[in-house]
Amino acid sequence: AQSVTQLDSQVPVFEEAPVELRCNYSSSVSVYLFWYVQYPNQGLQLLLKYLSGSTLVKGINGFEAEFNKSQTSFHLRKPSVHISDTAEYFCAVSAGETSGSRLTFGEGTQLTVNP
Amino acid sequence: DSGVTQTPKHLITATGQRVTLRCSPRSGDLSVYWYQQSLDQGLQFLIQYYNGEERAKGNILERFSAQQFPDLHSELNLSSLELGDSALYFCASSFSTARNSPLHFGNGTRLTVT
């Protein structure tokens, strides 16, 4: 079975500072990895995904993530955050052919960008 | 806008009651998923349908049931409601069941059981 651990439940940063949201996964088979963002009172929106190929994945809103197989990590980064990036961020995994398209989510990281 | 529509947005009901949550998937998507989001359990996968057939089951209670209709909309039925069922229920859809088929989420139905 697969699992996802988001190492920080809350990350406060100042506007224009860089940020990294950490995600580790556990799986004995090949994985597809995703980051989703949830703004207040909204559903989850796909930020980016790693399926195969280049380990550095670029997403929407200036976010990027790096897949590291040896460290079983998929950390999300942004070089300079804005107030509007304040939201909850979820890392998710689809592991193994039997899981199909359904995802297992981490517990979420609340990113708060302060002026 | 993800294209996934969930109704109602909010639902307040009493313990012991039964409710139905409705989801219309994005145009062209054949697969529908239901997730429950609560403070203590996070996002939990409940059930998945593909083209009218149940595809996968997660942590769905026996008091809960779902179905996908021929027009591909889906309903999640919650019965004998308990206080602990209060949560945000999300529907998501995808084109296929392939692992590279991303999920598109609706804005959720917030259920409050009093």
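The values are calculated or read from the model by the stated rules, or taken from the named source; none is laboratory data. All values reported here derive from a predicted model rather than from experimental measurement. Every residue, glycine among them, receives a Cβ derived from its backbone with ideal geometry; neighbour counts consider all protein chains shown. The area values use the complete protein model at the heavy-atom level, side chains included, leaving out ligands, DNA and RNA. Shrake-Rupley method; radii C 1.70, N 1.55, O 1.52, S 1.80 Å.
Data table
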quantity: Amide H partners (placed H, <5 Å) of A:Gln110, local residues excluded; calculated: A:Gln10, A:Val11, A:Tyr89
quantity: Inter-centroid distance (Cα atoms) of the stretch B:1-53 relative to the stretch A:1-51, Å; calculated: 22
quantity: Debye, to nearest 20: dipole size of chain A, +1 on Lys, Arg Cβ, -1 on Asp, Glu Cβ; calculated: 320
quantity: Rg in Å to one decimal, and Dmax rounded to a whole Å, for chain B via C-alpha atoms; calculated: 13.2, 40
quantity: R0 of 30 Å, Cβ-Cβ distance B:Gln44-A:Glu16: FRET efficiency to nearest 0.05; calculated: 0.25
quantity: Computed magnitude of the charge dipole of the stretch B:30-114 (debye, nearest 20; Cβ of K, R +1, Cβ of D, E -1); calculated: 220
quantity: Full-extension gain in nm, A:Glu66 to A:Tyr39, via 0.36 nm per residue minus C-alpha separation; calculated: 7.4 nm
quantity: Point-to-point label distance, B:Ile12-A:Asn114, nm (Cα→Cβ direction, 7 Å offset); calculated: 3.4
quantity: Proximal aspartates and glutamates relative to A:Lys58, as straight alpha-carbon distance under 12 Å, when same-chain residues fewer than 8 apart are discounted; calculated: A:Glu66
quantity: Under-5 Å amide H pairs with A:Leu48, H placed in peptide plane, nonlocal only; calculated: A:Trp35
quantity: Coil-residue trypsin sites (Lys or Arg not before Pro) of the stretch B:27-114, DSSP, other Cβ within 10 Å capped at 13; calculated: B:Arg63
quantity: With DNA, RNA and ligands ignored, accessible area of A:Phe74 (1.4 Å probe; Å², nearest 10); calculated: 0
quantity: Partner aspartates and glutamates for B:Lys57 [C-alpha distance under 17 Å; skip if fewer than 8 residues away on the same chain]; calculated: A:Glu97, B:Glu75
quantity: Area accessible to solvent at A:Lys58, 1.4 Å probe radius, in Å²; calculated: 150
quantity: Accessible surface, per residue, of the protein assembly as shown when the full set of protein chains is kept, probe 1.4 Å, Å²; calculated: 48
quantity: Among A:Ile60, B:Ser93, A:Pro40 the positive-end extreme of the charge dipole of the protein assembly as shown (Cβ point charges); calculated: B:Ser93
quantity: In order through the stretch A:71-85: 3J(HN,Hα) via Karplus (6.51 cos²θ - 1.76 cosθ + 1.60), integer Hz, x for Gly, Pro; calculated: 9, 6, 10, 8, 7, 9, 9, 8, x, 8, 8, 10, 3, 5, 7
quantity: Sites excluded, GluC sites (Glu not before Pro) in DSSP loops with at most 12 other C-beta within 10 Å, longest stretch of chain B; calculated: B:1-61
